[in-house]
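Taking it in order: structure first as structure tokens, then the write-up.
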There are 2 protein chains.
Amino acid sequence: MAIDETVPAPSREGRRGRDARRTQRLQSRSASIPFITRKVPTTEILSEEGLVLIESNAERLLEEIGCEFRDYPRALALFKEAGCDITGTRVRFPRGLARKLVATAPRQFTQAARNPERSVPIGGDSLVFAPVYGSPFVHDLDHGRRYGTIEDFRNFVKLAYASPFMHHSGGTVCEPVDLPVNKRHLDMVYAHMRLSDKPFMGSVTHPERAKDTVAMCRILFGADFLESNTVCTSLINANSPLVWDSAMLGSAEAYAAANQAVIITPFILSGAMSPVSVAGTLTQALAEILAGVAFVQLVRPGAPVIFGTFVSTLSMQSGAPTFGTPEAALAIYGAGQLARRLGLPFRTGGSLCASKIPDAQAAYESAQTLLPTLFAGTNFVLHAAGWMEGGLASSYEKFVMDLDQLGMMHVLARGIDLSENAQAFEAFHEVAPGGHFLGCAHTQANFESAFFRSQIADNNSVEQWEAEGRLDAPQRANKIWKKMLAEYEAPPLDPAIDEALQDFIARKKASMPDTTH
Amino acid sequence: MAIDETVPAPSREGRRGRDARRTQRLQSRSASIPFITRKVPTTEILSEEGLVLIESNAERLLEEIGCEFRDYPRALALFKEAGCDITGTRVRFPRGLARKLVATAPRQFTQAARNPERSVPIGGDSLVFAPVYGSPFVHDLDHGRRYGTIEDFRNFVKLAYASPFMHHSGGTVCEPVDLPVNKRHLDMVYAHMRLSDKPFMGSVTHPERAKDTVAMCRILFGADFLESNTVCTSLINANSPLVWDSAMLGSAEAYAAANQAVIITPFILSGAMSPVSVAGTLTQALAEILAGVAFVQLVRPGAPVIFGTFVSTLSMQSGAPTFGTPEAALAIYGAGQLARRLGLPFRTGGSLCASKIPDAQAAYESAQTLLPTLFAGTNFVLHAAGWMEGGLASSYEKFVMDLDQLGMMHVLARGIDLSENAQAFEAFHEVAPGGHFLGCAHTQANFESAFFRSQIADNNSVEQWEAEGRLDAPQRANKIWKKMLAEYEAPPLDPAIDEALQDFIARKKASMPDTTH
């Protein structure tokens, strides 16, 4: 699983940083897998006819109904200039225009990490896993469910850093509710920069906070480096149905103007925020994405952007969101096809579930989301680990249980090895019919690397399992995350850069009073 | 999900039985789904080149090493006659011969059930779920793990009957250890015949017991009906690597001679019973299947047969079998391709796991087996529900948790509905941007059937979940299976047939002393 791409190195870090990094790299090389290169085919669930139908309906939606771009006059001006029909804050697209505007977006881009070995290509056959995002609560077996804090936030950043199967540090791995709303983004972005050397996401709760993220990226990577490199990928959600608001548009503009990537994602609970059908939901999502990406491309043609979808179904009994459902899986597969036809990198899926605890429900639902995510040809997977309770809680135990599943996806995505060694013909000559392969030369030569080793699964006899305390999967996971945190060592960072970052944060915090919004 | 095939009705049942059946059918029609017609594409994980390589290696294996056919001279005579090279009990196949012998097997057949509405086509795009098979132990939350009894056996038959998502009654749903080994098959087959009207499997532990199964089928369906119809599908396992033994060959012959179906299945723990690689394991499995199916076709050309695989990986640390692994998933996909190229119905997968309890490990592993099973184009899925502890225990709670997953596979397999109603364009005209779809006419017209309703998942708020006792998924499942058993009603059976079956069993039991083998 080598890096398929040449990734430019950041320019500002000094020799000391590079040397230290090299040492770190050598130490962790065997465990470090920067991203997946998918070698298995995608699942094409919609026929050409079906795809054309949904694309045509999305165009019709943009033409007849259009999208709202609220409290953001600049968007209206840009769309008017581009040839859209503007009525109030409603933007209607003549058929084909949105698709044309989207065409300047790159098919693939690289998000550089401060450790160049951890830079990730986003698009094509690459697959990048990022942690859970946005949960106000955290959950662990010892203390149950509680509001997240900056300590929890740092813990999840450390766990993502420590795992060979998590490629990305993510963004709001939990909401640090103990910090003031208007300042917490500084501590969050700093945690990603300082405690990890994997790529990360920026703040989107206010355009100013997006600009702070960009400013901190300039300190970390160098201002010149940012002009021609993407170092930050951030999450821009639509207010479905068919509304883009000023916080999201302003943040998207701040990032796009600085050549930083955004994930344009309708976050849809189907049945409430879209029609109660997969086809209707895909139609609406495609329309919202076309409008959102068109805006980004009008801000800066060529700015990196990801076609994002997040589809949950609604329980028609209780109105609660549901996860791991077959309808959500179908939406995942279908959206992947629409993204590929549009020529954009694709984000969807993850390890989603509605369960309040890391039980069998959580696991069934997560696996029923993650496997479709892989075969949908997804390029960027938010919520790949730790998501629980419909996204309300980041779970420590589920985080490491999901990591184990992500490890398996690495093997699955490689497909079947057909090398001479894997064909194993000599083993058949060595082991007679009725014999046993365990001791044969081929097995001895391959057993170390032959099969993925789960950290979570207990495969022992029931007697041994009982003797070891009858632990269930979350109880084993509880021990693992504690060990990972205990063994965590921060990656080195040039002290001058660290000081500059801390100075920026201190000045920014001092410049305004704390607020709760 | 209508029946795609016209299925002949059994001939022997009287008018009273038919009338009663019609009443039953009308009562349960809404819940009854006889089988899945897969409308989603298969995952083609191996390229044409890879498939040809594995097929060529399998041919070479049959030519150079061959298969053992032990303690069964009739097989050696048949193979000699067919042109094989026989040395002792070793049968070597000149290149291409096994494939030629296999060609008389049907691409698809129908297994008739005594309720014709529950007959199942096996092959093509159809997908049939059958319960866990062969576990000596059972497990539930109330009593933990214990040896299975005939009461447990009957309970699992009832649960399979009661579920709209389980198409088949299966075979040894658990081992009824409280009955003598040489007689328990009579009670098992009778339980399937009396307590269910879904299709079922027969005994394979001794050729005489296979013949008893066929004799009981003749009583139930009528001897004439059996001559031109398959009413029983039974499991024939290879002794991997590359050995077929007399119990399996004798049972296979008994069924094939009576035109009844067998599933020719290498049961492989990769690394012990096959080389420690997916490619090597698929090569061996294909060779074993070619040899086994060739034998069946020599017994009776045209006898229905299923290409079966069961691949578990071995923990290279402990030697324990592991499930839900990426290597097993790759083997599932690859075997499906090999079966399709051979033109045979395909059996693999299920809801497999190694966990000792119905926890997150059980669920992750089961989902990571079941979803590949669907997309591998599998036609017959043994162990679709209830499998736990590597097949050592049939779990009551896991049975109903898995049923829920099988329900979801029904929806997933249908693909995306592109009807005018599903396109939902009128909903967009009804609900303005920023509005809410819950109350709109399209949602109101569709909400009852729009999304699959899980029986297991709790999607409520954490507050409500806590108020309801903080139950985990197995605890909810515990209530469900008890309710299913409490509400169970046996399907009607012509009393004359029932009496004849009971008479056959009584005479058979009286004819020999109890034995423990």
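Using the alpha-carbon atoms, what tilt in degrees (0 to 90, nearest 10) does helix B:396-414 show relative to the longest principal axis of chain B?
Approximately 80 degrees, to the nearest ten.
Of the options B:Ser394, B:Tyr190, B:Leu282, report the single residue whose Cα projects farthest towards the positive end of the charge dipole of chain B (beta-carbon charges: Lys, Arg +1; Asp, Glu -1).
Of the options given, the answer is B:Tyr190.
Can you give the log10 of the normalised intensity I(q)/I(0) at q = 0.06, 0.07 Å⁻¹, computed with Debye over equal Cα scatterers of chain A?
-0.28, -0.39
Leaving out ligands, DNA and RNA, what percent of the accessible area of the range B:91-211 is carbon and sulfur, probe 1.4 Å?
Using a 1.4 Å probe with all protein chains present, the range B:91-211 comes out at 54 percent carbon and sulfur.
Over the Cα atoms of the range A:206-318, Rg to Rh with Kirkwood Rh, two decimal places?
Result: Rg/Rh = 1.06.
Using only alpha carbon positions, build the gyration tensor of the range A:37-189, then give the equivalent ellipsoid semi-axes as the square roots of 5 times its eigenvalues, largest first, whole angstrom.
That gives 37, 24, 17 Å for the three semi-axes.
Taking just the C-alpha trace of the range B:121-192, give me its Rg and Dmax in Å.
So, for the range B:121-192, Rg and Dmax equal 13.2, 42 Å respectively.
What Kirkwood radius, in Å to one decimal, follows from the Cα pairs of the range A:285-373?
In the range A:285-373 this quantity evaluates to 14.2 Å.
Calculate the length of the line joining the C-alpha centroid of the range A:116-137 to that of the range A:216-292, in whole Å.
15
Nearest-5 percent of antiparallel DSSP beta bridges in chain A?
40
Name the residue farthest towards the positive end of the dipole of chain A from the options A:Ile505, A:Ile45, A:Val462, assuming +1 on Cβ of Lys and Arg, -1 on Cβ of Asp and Glu, about the Cα centre.
A:Ile505
Summarise the partner chain shielding of A:236-242 as one whole number: the mean count of Cβ atoms from other chains within 10 Å of each residue's Cβ.
Per-residue shielding by partner chains comes out at 3.
At B:Gly302, label 7 Å along Cα→Cβ: distances to the other copies, nm, ascending?
Taking the point 7 Å beyond Cα along Cα→Cβ, the inter-copy spacings are 7.1 nm.
Can you give the angle from 0 to 90° between the axis of helix A:473-487 and the longest principal axis of chain A, with both taken from C-alpha atoms, to the nearest 10?
80
Hey, what's the Kirkwood Rh for the range A:338-412 if you take every pair of different alpha carbons, in angstrom?
Across the range A:338-412, the inverse of the average 1/r is 12.4 Å.
Let me check against my output: what whole-number percent is the relative contact order of chain A, with C-alpha pairs under 8 Å and at least 6 apart?
Computed over chain A, the figure is 18 percent.
Is the C-alpha gyration tensor of the range A:138-290 telling us rounded, prolate or oblate? Criteria: a/c under 1.5 is rounded; beyond that, a/b larger than b/c is prolate, otherwise oblate.
oblate
First measure r as the distance between the Cβ atoms of A:Glu81 and A:Ala496, then evaluate 1/(1 + (r/R0)^6) with R0 = 60 Å and state the FRET efficiency to the nearest 0.05.
Once the sixth-power term is evaluated, E becomes 0.85.
Could you give, in nm with one decimal, how far B:Glu463 is from each other copy of that position, shortest first, with labels 7 Å out from Cα toward Cβ?
Sorted ascending, the copy-to-copy spacings read 5.2 nm.
For every helix of n ≥ 4 consecutive DSSP H residues, a contribution of -39,500 (n - 2.57) applies; sum these over chain B, divide by its total residues, and give [θ] at 222 nm rounded to the nearest 500 deg cm²/dmol.
Using -39500 (n - 2.57) per qualifying helix, the result is -14500 deg cm²/dmol.
With a probe of 1.4 Å, find how much accessible area chain A has per residue, and write the answer as a whole number in Å².
I get 33 Å² per residue for chain A.
Does anyone have the angle between helix B:246-257 and the longest principal axis of chain B? Alpha-carbon axes, 0 to 90°, nearest 10?
Compared with the principal axis, the helix lies near 70 degrees.
Sequence-distant or interchain residues sharing an amide H contact under 5 Å with B:Glu68, placed H: which?
The answer is B:Val91, B:Val243, B:Trp244.
Rounded to the nearest 20 Debye, what is the dipole magnitude of the protein assembly as shown about its Cα centre when Lys and Arg each give +1 and Asp and Glu each give -1 at the C-beta?
The calculated dipole for the protein assembly as shown is roughly 600 debye.
DSSP loop (so not H, G, I, E, B), at most 13 other Cβ within 10 Å: list which trypsin sites (Lys or Arg not before Pro) in the range B:80-122 pass both filters.
Taking the range B:80-122 and a limit of 13 other Cβ atoms within 10 Å, the loop trypsin sites (Lys or Arg not before Pro) found are B:Arg95, B:Arg107.
Chains A and B: buried accessible surface, both sides, probe 1.4 Å, rounded to 100 Å²?
When A and B are taken together, about 9300 Å² of accessible area is lost.
So what's the gap between the Cα centers of the range A:167-215 and the range A:482-516, to the nearest angstrom?
Result: 10 Å between the Cα centres.
Peptide A:435-447: average number of partner chain Cβ atoms within 10 Å per residue?
Average per residue, whole number: 5.
Considering the options B:His143, B:Val181, B:Ile480, tell which one lies farthest towards the positive end of the dipole of chain B, charges being +1 on Lys and Arg and -1 on Asp and Glu at the Cβ, about the Cα centre.
The residue sitting farthest along the positive end of the dipole is B:Val181.
What is the extension gain from B:Glu466 to B:Ala215, computed as 0.36 nm multiplied by their sequence separation minus the C-alpha to C-alpha distance, in nm to one decimal?
Extra length from B:Glu466 to B:Ala215 when fully extended: 84.9 nm.
In nm, what does the list of distances from A:Ser419 to its counterparts in the other copies look like, shortest first, when each label sits 7 Å along Cα to Cβ?
Distances between equivalent label points, in nm: 5.2.
Provide the convex hull volume over Cα atoms per residue for the range A:295-443, in Å³.
So the per-residue hull volume is 196 Å³.
Rounded to the nearest 5, what is the percent of antiparallel bridges among the DSSP beta bridges in the range B:205-313?
Among the beta bridges of the range B:205-313, antiparallel pairing accounts for roughly 5 percent.
Find the all-direction average of the projected area of the Cα convex hull for the protein assembly as shown, expressing the result in square nanometres with one decimal place.
Mean projected area for the protein assembly as shown: 40.2 nm², to one decimal.
Gap in Å between the Cα centre of the range B:316-386 and the Cα centre of the range A:33-110?
Distance between centres, Cα-based: 39 Å.
In whole percent, how big is the carbon plus sulfur part of the accessible area of the range A:333-464, probe 1.4 Å, protein atoms only?
Carbon and sulfur together cover 50 percent of it.
Using Cα pairs under 8 angstrom and six or more residues apart, how large is the relative contact order of the range B:107-150, in percent?
Computed value for the range B:107-150: 23 percent relative contact order.
Taking every eigenvalue of the Cα gyration tensor of the range B:163-207, multiplying by 5 and rooting it, what semi-axes result, largest first, whole Å?
20, 10, 9
Under 17 Å Cα to Cα from B:Lys482, which lysines show up? Leave out anything in the same chain fewer than 8 places away.
The qualifying lysines are B:Lys158, B:Lys398.
Give the span of the range B:71-117's Cα atoms along each principal axis, as three whole-Å numbers ordered largest to smallest.
For the range B:71-117, the Cα extents along the three principal axes come out at 49, 26, 13 Å.
The values are calculated or read from the model by the stated rules, or taken from the named source; none is laboratory data. Nothing here was measured: the structure is a model prediction, and the numbers come from that model. Quick reminder, even Gly has a Cβ in these numbers, built from the backbone with ideal geometry, and neighbours come from all protein chains shown. Surface accessibility is based on the protein's heavy atoms, side chains included, excluding ligands, DNA and RNA. Shrake-Rupley method; radii C 1.70, N 1.55, O 1.52, S 1.80 Å.
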